Amino acid sequence: MEPTPNAPADETALNAAFEAKIAAGDSIEPKDWMPERYRKQLTRMMSQHAHSEIVGMLPEGNWITRAPSLRRKMSLIAKVQDEAGHGLYIYCGTETLGVDRFDLYNQLLDGSAKYSSIFNYPTLSWADMGVIGWLVDGAAIVNQTVLAKTSYGPYARAMVRICKEENFHKRQGYEICATLAAGTPAQREMLQDAVNRFWWPALMMFGPSDKDSPNSAELLRWRVKRKTNDELRQRFVNLTVPQAQAIGITLPDPDLRYNEATKNWDFGEIDWAEFFEVIKGNGPCNKERLAARNKAHDDGRWVREAATAYAEKQAKKRQTEAA
Amino acid sequence: MSDSHWPLWEVFTQGAQGEPFEHAGSLHATDAEHALQNARDVYARRGEAVNLWVVPSTAITASAPSDAGPFFDPGNDKAYRHPQFYKVPRGVKVF
Ligand SMILES: [Fe+2]
Ligand SMILES: [Fe+2]
């Protein structure tokens, strides 16, 4: 490779300025110089996060028509609409890194993009809507509260906006769970079954264990991440156990017990083989989600075309009026 | 203008009457009217705004972070623009 004259020296100075900003806890803004790798890592994290919000609409959208009451239906529609908004906030943040949203959409549609493994599990009963709000949005809140302090300004600001909305998601889910827990034996059983299916996948949402997370050290040093995967997972478990106890639901882990010394709830070994299979595309619903997302995109084409045609017509009209 | 390459708009929201407008984020839309409607759906689902501005992103000129120092210097070295610069006899309440 031909060395570019001056480039190394310039780069060193720029990099020093960047590192100094990070060390001072300042936010990095779109027009600031940043190492190519920082840009790449953020593009990867943010686009995966945006995709997760979008795909996350599918398992719940699946139950809107079957919500058991008008109140539940209104809540679920509002929640799913929020998730669409979350996807848009983060796509907009990702664009500030110089990527085109169009390319990101296409990566999601052609299956080359990654998104959270949790959304590749099926939603089999109404109780799943409660458990997703409680555990899945609950885990997302733990993760996103910390991301709201991430070093990249646009990402942090999107997270602040999202965190404000997530509490509604979690509470509406927990309310469904508490209602079912206080219901008939069949309702309790349905809830317990949903918790049994979602507990471990929810723990996997925090990503691989720290010892298998090669990017973590760098991301922590750049303050992109502020806590490790295992720290966040532990925080989530500590928060959730009392919530399960309060409604008399059992978390499906025989090794779950309070550790007086560490003040943490110790939990059993996660099945990482399952996690990596789902990430690779072999989860129970990977294909279904991708197909549903593509169908939604195709079905919406006429709306996008109509909006474009209307805008062009209006623009022409303004031109002739001006002439 | 393909269906996915709509222009980018910056969205500003006013949280309450009398407050300043604040940058909320951006979105893609075919024209200003469409951008306003999208901005309402994306950035004001919970009464976060009583007014919205949408501005084509290309219409914004921003200062460059690299000359932030020299550019803002004229404002940084004038301590006499701050009330603390001025001495007041002991015991007198000025405000
Ligand atoms: Fe979300
Ligand atoms: Fe959510």
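The values are calculated or read from the model by the stated rules, or taken from the named source; none is laboratory data. Model, not experiment: these values are computed from the prediction. Neighbour counts run over all protein chains shown; Cβ positions are idealised from the backbone, glycine included. Calculation scope for accessible area: heavy atoms of the full protein, side chains included, ligands and nucleic acids excluded. Shrake-Rupley method; radii C 1.70, N 1.55, O 1.52, S 1.80 Å.
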- [ ] Multiply the residue gap between A:Val160 and A:Lys263 by 0.36 nm, knock off their C-alpha separation, and tell me the result in nm, one decimal place.
- [x] 34.2 nm
- [ ] Assuming R0 = 56 Å, can you tell me the calculated FRET efficiency for the pair A:Lys317 and A:Leu239, based on Cβ-Cβ distance, to the nearest 0.05?
- [x] 0.50
- [ ] Let me know the Rg and Dmax you get for chain A when you use only its Cα atoms, in Å.
- [x] 22.3, 80
Open item on the list: Suppose we take every Cα in segment B:1-44 and form the convex hull; what volume per residue is that in Å³?
Closed with: 67
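Per residue, how large is the accessible surface of chain B? Use a 1.4 angstrom probe and give square angstrom.
Ligands and nucleic acids excluded, the figure is 70 Å² per residue.
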Task: Per residue accessible area in Å² of segment A:127-194, where ligands, DNA and RNA are left out and the probe is 1.4 Å - done: 35
- [ ] Leaving out ligands, DNA and RNA, calculate the buried accessible area for the pair B and A with a 1.4 Å probe, summed over both sides, in Å² to the nearest 100.
- [x] 2000
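If contacts are Cα pairs under 8 angstrom and at least 6 residues apart, what is the relative contact order of segment A:51-140 in percent?
Normalised by residue count, the contact order of segment A:51-140 is 40 percent.
Report the FRET efficiency, 1/(1 + (r/R0)^6), for B:Glu22 and A:Lys73, where r is their Cβ-Cβ distance and R0 is 30 Å, rounded to 0.05.
That gives a FRET efficiency of 0.35.
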Open item on the list: Once the cut-off is 16 Å, how many percent of the Cα-Cα pairs in segment A:188-236 end up in the long-distance tail?
Closed with: 48
Task: Debye-sum result for segment A:259-323 in log10 I(q)/I(0), which assumes one identical scatterer on each alpha carbon, at q = 0.22, 0.23, 0.27 Å⁻¹ - done: -0.93, -0.96, -1.05
TODO: Please report, as a whole percent, how much of the solvent-accessible surface of chain A comes from carbon and sulfur atoms (probe radius 1.4 Å).
DONE: 57
- [ ] For A:Trp33, A:Trp200, A:Trp126, A:Trp134, give the ranking by accessible area with the largest first, probe 1.4 Å.
- [x] A:Trp33, A:Trp200, A:Trp126, A:Trp134
- [ ] Measure out, as a whole number of angstrom, how far apart the alpha-carbon centroids of segment B:18-64 and segment A:15-89 sit.
- [x] 19
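Please report, to one decimal in angstroms, the Kirkwood hydrodynamic radius of segment A:155-205 built from all distinct Cα-Cα pairs.
Details: mean 1/r = 0.0787 Å⁻¹.
When all Cα pairs of segment A:155-205 are included, the Kirkwood radius is 12.7 Å.
Which pairs break 19 Å Cα to Cα here: A:Lys31/A:Lys227; A:Lys114/A:Lys287; A:Lys114/A:Lys280; A:Lys149/A:Lys225? Present the calculation step by step, with values, prior to reporting the outcome.
On the way: A:Lys31/A:Lys227 26 Å; A:Lys114/A:Lys287 13 Å; A:Lys114/A:Lys280 9 Å; A:Lys149/A:Lys225 9 Å.
From the list (A:Lys31/A:Lys227; A:Lys114/A:Lys287; A:Lys114/A:Lys280; A:Lys149/A:Lys225), the Cα-Cα distance tops 19 Å for A:Lys31/A:Lys227.
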Task: Value of D in µm² per second that Stokes-Einstein yields for segment A:191-316, Kirkwood Rh from Cα pairs, at 20 °C (1.002 mPa s) - done: 117
Task: Paramagnetic label zone (point 7 Å from Cα along Cα-to-C-beta, A:Asp299; backbone N under 20 Å) in segment A:100-118 - done: A:105-106, A:108-111
Task: Computed over segment A:40-112, Kirkwood Rh from alpha-carbon pairs, angstrom - done: 13.1
TODO: Determine how many Å³ per residue the convex hull of the Cα atoms of segment A:147-262 encloses.
DONE: 125
Task: Descending semi-axes in whole angstrom, ellipsoid equivalent of segment A:130-177, from the Cα gyration tensor - done: 23, 9, 5
Open item on the list: With a 1.4 Å probe and all protein chains left in place, how much of the accessible area of chain B comes from carbon and sulfur atoms, in whole percent?
Closed with: 57
- [ ] Using only the Cα atoms, work out Rg/Rh for segment A:102-199, with Rh taken as the Kirkwood radius, to two decimals.
- [x] 1.07
TODO: With an 8 Å cut-off on Cα pairs and a minimum separation of 6 or more residues, tell me the relative contact order of chain A in percent.
DONE: 18
Open item on the list: Along its three principal axes, how long is segment B:30-95 when you only count alpha carbons? Whole Å, largest extent first please.
Closed with: 61, 33, 14
